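Before any comments, here is the structure.
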Protein chains: 2
Amino acid sequence: MNQLDELCVNTIRMLSVDAVQQAKSGHPGAPMGQAVMAYVLWDRHLRHNPANPKWPGRDRFILSSGHASMLLYSLLHLTGYDLSLDEIKRFRQLDSKTPGHPEYGLVPGAETTTGPLGQGFATGVGMAIAQRYLADTYNRPGHTVLDSAIYCICSDGDLMEGVASEAASLAGHLGLGRLVYLYDDNRITIDGSTELAFTEDRGKRFEAYGWHVQHVDGLDGEAVDAAITAAKAETARPSIIVCRTHIAYGSPNKVDTAGAHGSPLGEEEVRLTKENLGWPAEPPFYIPDEALAHFRATLDRGAAEEAAWSRAFEAYAADYPAEAAALRQQLDGQRPAGWDADIPVFPATDGALATRVASGRVINAVAPRLPALFGGDADLAPSTETAVKGSPVMSASEPGRNVAFGVREHAMGAAVNGMALYGGIIPYGSTFLVFSDYMRGALRLGALMELPVISVFTHDTIGLGEDGPTHQPIEQLAGLRAIPHMVVLRPADANETAEAWRWIIEAGRPTSLVLTRQNLPILDRGVLAPAAGLRRGAYVLAGEGDPDLVLIAAGSEVHLALAAAETLAAEGTKVRVISAPSLELFREQPREYRDSVLPPSVKARVAVEAAASQPWWEFVGLDGDVVGLDRFGASAPGAVAMKALGFTPENVATRARAVLDRLGVVAR
Amino acid sequence: MNQLDELCVNTIRMLSVDAVQQAKSGHPGAPMGQAVMAYVLWDRHLRHNPANPKWPGRDRFILSSGHASMLLYSLLHLTGYDLSLDEIKRFRQLDSKTPGHPEYGLVPGAETTTGPLGQGFATGVGMAIAQRYLADTYNRPGHTVLDSAIYCICSDGDLMEGVASEAASLAGHLGLGRLVYLYDDNRITIDGSTELAFTEDRGKRFEAYGWHVQHVDGLDGEAVDAAITAAKAETARPSIIVCRTHIAYGSPNKVDTAGAHGSPLGEEEVRLTKENLGWPAEPPFYIPDEALAHFRATLDRGAAEEAAWSRAFEAYAADYPAEAAALRQQLDGQRPAGWDADIPVFPATDGALATRVASGRVINAVAPRLPALFGGDADLAPSTETAVKGSPVMSASEPGRNVAFGVREHAMGAAVNGMALYGGIIPYGSTFLVFSDYMRGALRLGALMELPVISVFTHDTIGLGEDGPTHQPIEQLAGLRAIPHMVVLRPADANETAEAWRWIIEAGRPTSLVLTRQNLPILDRGVLAPAAGLRRGAYVLAGEGDPDLVLIAAGSEVHLALAAAETLAAEGTKVRVISAPSLELFREQPREYRDSVLPPSVKARVAVEAAASQPWWEFVGLDGDVVGLDRFGASAPGAVAMKALGFTPENVATRARAVLDRLGVVAR
């Protein structure tokens, strides 16, 4: 590290300190401690082009310790990304591009949204899985067009989170050698010293996972540089470099204290820090010209790197035109023409079929034409039916179309986010609906980033049966539907399932596909409305003309509603049955359509779903009713449990009659 | 292991196999593989009395691999718990005491509900924390009245889950030497071999956490016995015994196969297994007399152990009468008289106060009189304000009233469940509301078990400000409110916060206490209704007589509703403002009370909460409106974010006027 290097490092530090101080909010300590490692990484190793943050050949950089956001913003501004000094000065203000924690899509160059600890760490593992899959699929001898490294700076908090532990175990298992993680071992957390709660041997733990582990002085730039070089050379194992640092390095009174974690240093301490580091007291946001010039050289270097990559890609395209065209299309997020040509239509005469089984058939029908569709399961493949059959499971030594995430739902959720972020992938992960609870942190971030991530959640109600209350979802649908941007799709039969997949692949939005364990009849679309109605979220399935009563249901309960409607119709009530696989898509429809499905004049409305009733009141109102399940389930055969807890046509009819009576609606 | 021992082991195996076969559902493989380790543990080490499953001096046994439930049910029946053979024969049937996974409260002798993997493992750590705290508080020289060991059988799936990794790190940090865990290393998961996804060095990982690690042949009873003895002797570190076993041991064709994990063996294979193990083919559920006699000797042994413990307790009581009385009261779940005498009343003239700060003052006011109140935070003590001030943090070497759970929300959630299950503790854990997502798995189990667990969730809306969308909760309140048995309390000011704590301690129910980061005015109860209304969930805070319009709100938004009401009242509208800190408690009130608060005749209803609108439609209906937040937040100072996203008195008034107009309600 020469004098210019030191100047550059202090530029990062002081820009971060000044921005936090101006905002009177933020985390100055981490950027100050991480500045050396980040500088060395960005200056000597990270392959990127600030002028084109979306260049597919770039390395990825993740700041898993997202509270150190000013570190990233400083680097982005200094190296020439589209992030002006004015934006730095507006750190943490409304509508700035410099929010409290890095946000993908808002901050140019932020590869993922971080802040909730552990997520960035695990998301990076997903990026490396995507890198492996695409490289296995498309690289050819002499043509290594895809070889991005995934760099990450992570913190004590990241390493304490279970999601990171799960992801680290998975990364070690898969031998993801393109991962190079720098661990900011500053020994300070919000509560104080890590001695309070975190005294395990971190390096040894990562060795146990199968990682390549190095220990360095994180304030020694040359040592960090050498360690990164060694980590890059280790391609068979992921690498972690334990960098001993000091939070708020440079601050005479706050270095190594928890006080520097989440609060501005204070004006006086900012002054003392600048004095201590030989930095001019004024102006704030001072950037020495020679430092800026050195950082901005990244633009030329990045342009040259991208150009070299493009030439390599052209050479690849010359030798492998079909592969290159397919890869380009995939990286551009385009679907191949006719990708959906083999999606089956399920005849009603086929008999009953679980929607999870129908889903599995659709996945296997489209997979050959759609290499971007790539995912796995959390040790439930025989149950969730998401495996691409006849394709191997990815291992450290062998390529594979299926990922065995292990019993690691949270890491799976973060990893599929990373797979989507990497690009070229339409990722999916699967588990039981009840275990969506384990991955809420990741589901939320995927939704926040509006990623095209598919979560396949099977075993969706008490209808799963004997496994009992621990496995029977109740509140999960309400919880998922409450997440902004999340589309929940709960198809009523095999053909709605096929339509759901068609919509999912086309729309590219964060989606939870919710499926049954148990068999369901295939609805006779010769009599009932077409399954394509799913695309509008809710549609009139049965019942012509002006209804006395509307029954609205989703998934397996649509069949109950149909049966109850038959009973009620026999009594002279005009009943409309609405299949409502997605409340979110229904809300997006024009009012005219919504009113045509749910006529405002009809107050007799009963919703039916074997789950928490909360999401349905919006549609049935004070006059209506919800045949829901606001208690935990029961261990019994599925049909027995359903009956015992009121999910019978008779009970639905009884509850509907009560609504009709209360409203004085006379059956005609 | 003599012949009788082998007979007993096979009795466990075949009872399990027969029950699964009869149910045509369940997991036979794990009980067959775990039978030796479980038998040795229960026969030679576990201190318990089947006639009194609640004896406080007992050791605890947790079957973290809950899918092996028939192992536990076999042991419970055989050793003489109140679980008849008829119940075994009704395995997984409606209303049996033998559900698919062990359920606390339903199955006599089940110490916790297990099934979702990792939970039992982490819950045991909480039991050991409770044991440490009570022992530190009440044991005296020569009087070790509390020295229970916590035993657990766990599986590959448990060890893969992040919640177990977090808990293991915490247990190592705290040196919880009373933990003795037996890991069923059978190398088979649902997807197949653990080679597919789980190839880390497990033993080494636990060494890194600071555990005492042993490796044994799990089918060698004497080796398991010696290892347990060694583990008990190691009191400074938690112990894990890696027991190499074979799933479905005894089944000639299904041993070591994933097919034996989650499906009955099948009639033919049951026959072959019995033949292979020298077991009579008929009758099913056969229990040899000599095996039963040996198992049932546990009753005498247990009675003697309990009697010895009771004598020791009496000797303790003679020397330390005050401590013994306090401990007994605490173990009985009684509150000391006058426990709430020091709960502060907050005068409106004190100015604004964050509800998290008010909560901290209440905790510190009651803690000295209420030693049962014991908990900690997930590395956010300075923010959540839950620390008992002046009391140390528990460490491996020192007692402490506060637990630093570290950045491990999920383990914290499971640990507080374990603390409640152990008894004598009213446990709490705290973090930001948004990170409740990380601990949903544990929150759900606590609710399912109806445990008196308090989750303190602060920073409850976009009002937290600059940290931005990653930290601003949106869907969390809806998600928590959808969990059966969970009471969500979101107080509107300092005095509602005090009332909330009073209710929480008295009620002993699973509760989420949701608090603000930002200051809120203290409502003037001389003008407004008393804060004790919180106990009914929702109450009329302001507005006399028959209203034209009802505004219903919770937490910080109550102040918005009050301000909007003032504006509307000035325009001649009669407005009622309802503070609704708990929708769950409100639903529990008699209809008469509910109608008196929310008169059915008033259709002009507007709910206000800076969170997902989903929970409120039940109360406002199709004619009403919800001023909610169905999008992610924004990084900006809290007040700015609130205003930008529509949480102003003006906007509430505007939305209310629209409702009044739509309904044609004329202001008088």
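The values are calculated or read from the model by the stated rules, or taken from the named source; none is laboratory data. It should be emphasised that the depicted structure is a prediction, and the values quoted were computed from it without experimental measurement. Cβ sites come from the backbone with ideal geometry, for glycine too, and all protein chains shown count toward neighbours. Note: accessible area is taken over every heavy atom of the protein model, side chains too, but ligands, DNA and RNA are not part of it. Shrake-Rupley method; radii C 1.70, N 1.55, O 1.52, S 1.80 Å.
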* To do: Quick one: in region B:490-539, of everything that is polar (S, T, N, Q) and in a strand (DSSP E or B), which residue is surrounded by the fewest Cβ atoms within 10 Å (Cβ to Cβ)?
  => B:N519
* To do: Quick one: in region A:171-185, of everything that is assigned to a helix (DSSP H, G or I) and in contact with a helix residue (DSSP H, G or I) (Cβ under 6 Å, 6 or more places away or on another chain), which residue is most open to solvent (accessible area, probe 1.4 Å)?
  => A:G172
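Mind listing whichever residues of region B:324-338 are open to solvent by 50 Å² or more (accessible area, probe 1.4 Å) and out of contact with any Leu (no Cβ under 9 Å at 6 or more places or on another chain)?
Correct list: B:A325, B:R328, B:Q329, B:D332, B:Q334, B:A337.
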* Could you please find all residues in region A:388-425 being open to solvent by 10 Å² or more (accessible area, probe 1.4 Å) and of a type in the set (D, E, K, R)? => A:K389, A:E398, A:R401
* Give the residue, chosen from A:I62, A:I88, that is outside any helix (DSSP H, G or I), crowded, with 24+ Cβ neighbours inside 10 Å and among the aliphatic types (A, V, I, L, M). => A:I62
* When you go through (1) surrounded by fewer than 24 Cβ atoms within 10 Å (Cβ to Cβ); (2) touching a residue at least 40 places away in the same chain (Cβ under 8 Å) one by one for A:A570, which number turns out not to apply? -> (2)
* Got a sec? Which of B:R490, B:R481 is closer than 23 Å to B:P344 by Cβ, modelled with pLDDT of 95 or more and not β-branched (V, I, T)? -> B:R490
* To do: Scan region B:250-280 for residues that are touching a helix residue (DSSP H, G or I) at 6+ places or on another chain (Cβ under 6 Å) and either among the charged types (D, E, K, R) or at pLDDT below 95 (or both) and jot them down.
  => B:K254, B:A260, B:H261
* Asked: Among the residues of region A:6-17 satisfying the criterion of being open to solvent by 10 Å² or more (accessible area, probe 1.4 Å) and out of contact with any helix residue (DSSP H, G or I) (no Cβ under 6 Å at 6 or more places or on another chain), which is farthest from the other protein chains (Cβ to nearest Cβ)?
  -> A:E6
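Within region B:628-638, is there a residue that is open to solvent by 50 Å² or more (accessible area, probe 1.4 Å) and within 36 Å of the chain's Cα centre (by Cα)? Walk me through it before giving the result.
Residues of region B:628-638 that are open to solvent by 50 Å² or more (accessible area, probe 1.4 Å), as a first pass: B:630-631.
This time we only want the ones that are within 36 Å of the chain's Cα centre (by Cα), so: B:630-631.
Yes, region B:628-638 has at least one match.
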* Can you find even one residue in region B:149-168 that is part of a helix (DSSP H, G or I), more than 9 Å from chain A (Cβ to nearest Cβ) and touching a strand residue (DSSP E or B) at 6+ places or on another chain (Cβ under 6 Å)? -> no
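Each row is one residue, and each column tells you yes or no for (1) out of contact with any Gly (no Cβ under 8 Å at 6 or more places or on another chain); (2) within 11 Å of chain A (Cβ to nearest Cβ).
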position: B:V416; (1), (2): no, no
position: B:M419; (1), (2): no, no
position: B:P427; (1), (2): no, no
position: B:L443; (1), (2): no, yes
position: B:P452; (1), (2): no, no
position: B:H459; (1), (2): yes, no
position: B:R481; (1), (2): yes, yes
position: B:T497; (1), (2): yes, no
* Those residues that are in a loop (DSSP other than H, G, I, E, B) and open to solvent by less than 40 Å² (accessible area, probe 1.4 Å), I need them from region A:345-370; list them, please. => A:F346, A:G351, A:L370
* Structure fact -> Of (1) within 14 Å of chain A (Cβ to nearest Cβ); (2) open to solvent by less than 10 Å² (accessible area, probe 1.4 Å); (3) under 29 Å from B:P600 (Cβ atoms), B:H485 satisfies every one except (2)
* **Selection from region B:197-220 of residues that are surrounded by fewer than 21 Cβ atoms within 10 Å (Cβ to Cβ), out of contact with any His (no Cβ under 8 Å at 6 or more places or on another chain) and not in a strand (DSSP E or B)** => B:D201, B:K204, B:E207, B:D220
* To do: Could you check how many residues of region B:501-514 are in contact with a helix residue (DSSP H, G or I) (Cβ under 6 Å, 6 or more places away or on another chain) and more than 19 Å from B:I483 (Cα to Cα)?
  => 2
* If A:I190 passes every condition in (1) closer than 26 Å to B:S635 by Cα; (2) buried (at least 24 other Cβ atoms within 10 Å of the Cβ); (3) among the β-branched types (V, I, T) but one, which one does it miss? -> (2)
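To keep it simple, each residue is scored yes or no on (1) farther than 22 Å from B:H246 by Cβ; (2) free of Cβ contacts under 8 Å to residues at least 60 places away in the same chain.
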| residue | (1), (2) |
| --- | --- |
| B:G66 | no, yes |
| B:M70 | no, yes |
| B:G80 | yes, no |
| B:S84 | yes, yes |
* Considering (1) closer than 21 Å to B:N364 by Cα; (2) touching a residue at least 40 places away in the same chain (Cβ under 8 Å), say which one B:R481 fails and leave the rest. => (1)
* Got at least one residue in region A:375-386 being open to solvent by less than 10 Å² (accessible area, probe 1.4 Å), touching a residue at least 24 places away in the same chain (Cβ under 8 Å) and in a helix (DSSP H, G or I)? -> yes
* Asked: If B:T431 passes every condition in (1) farther than 15 Å from B:L373 by Cβ; (2) part of a strand (DSSP E or B); (3) more than 13 Å from chain A (Cβ to nearest Cβ) but one, which one does it miss?
  -> (3)
* To do: Count, please, the residues in region B:540-566 that happen to be surrounded by 23 or more Cβ atoms within 10 Å (Cβ to Cβ), of a type in the set (D, E, K, R) and over 33 Å from the mean Cα position of the chain (by Cα).
  => 0
* Asked: Are any residues in region A:181-215 hydroxyl-bearing (S, T, Y) and either under 27 Å from the mean Cα position of the chain (by Cα) or more than 8 Å from chain B (Cβ to nearest Cβ) (or both), and if so, which ones?
  -> A:Y181, A:Y183, A:T189, A:S193, A:T194, A:Y209
* Residue satisfying all of: in region B:50-100; more than 13 Å from chain A (Cβ to nearest Cβ) and in contact with a strand residue (DSSP E or B) (Cβ under 7 Å, 6 or more places away or on another chain); nearest to B:S263 (Cα to Cα) among these -> B:L71
* Subset of region B:101-128 (residues that are within 10 Å of another protein chain (Cβ to nearest Cβ), in contact with an Asp or Glu (Cβ under 6 Å, 6 or more places away or on another chain) and either open to solvent by 10 Å² or more (accessible area, probe 1.4 Å) or over 21 Å from B:A414 (Cα atoms) (or both)) -> B:L117
* Which one of these does A:G351 not meet: (1) on the phi > 0 side of the Ramachandran plot; (2) without any contact (Cβ under 8 Å) to a residue 40 or more places away in the chain? -> (2)
* Kindly check whether there is at least one residue in region B:137-147 that is more than 9 Å from chain A (Cβ to nearest Cβ), open to solvent by 20 Å² or more (accessible area, probe 1.4 Å), part of a helix (DSSP H, G or I) and over 24 Å from A:T194 (Cα atoms). => yes
